[in-house]
1. Using C-alpha positions alone, give me the convex hull volume of the chain per residue in cubic angstrom.
2. For the chain, what is the mean residue ellipticity at 222 nm derived from helices alone (per DSSP H run of n ≥ 4: -39500 (n - 2.57); sum divided by total residues; nearest 500 deg cm²/dmol)?
Amino acid sequence: MDLKITSFNTFFEINGVLNRNTLSLFQKEFNQIFDRIDNLTISLEGLEKIDRYGVKAIAQLNQEAVSRNKSLSIVGYGCKDLYNYFTNESAA
């Protein structure tokens, strides 16, 4: 399945597969996003699969939000790997 990103103002829904093959679409959509908005919410409810490249892309987006003092919220039950990444990072 492909990756589909739907936006409603500052709320983005990610559906499908976020992996090495679909990473360019994700990066294109969120490239310089914090130049335009201060608060971003991403729903991963429709995310079926994510690989390490997808996890890294979301982690980089989070890092950009932190470094630019912007707000990024990630919601949904979409991905256990991503949850594990962020819980391990906060523990370190």
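1. On the way: hull volume 7.9 nm³, N = 92.
Roughly 86 Å³ of hull volume per residue.
2. Values: 4 runs with 40 residues, N = 92.
After summing the helix terms and dividing by the residues of the chain, the value is -13000 deg cm²/dmol.
A short reminder: the numbers here are calculations on the coordinates, not readings from a lab. Just so it is clear, the structure is predicted and the values come from calculations on it, not from any experiment.
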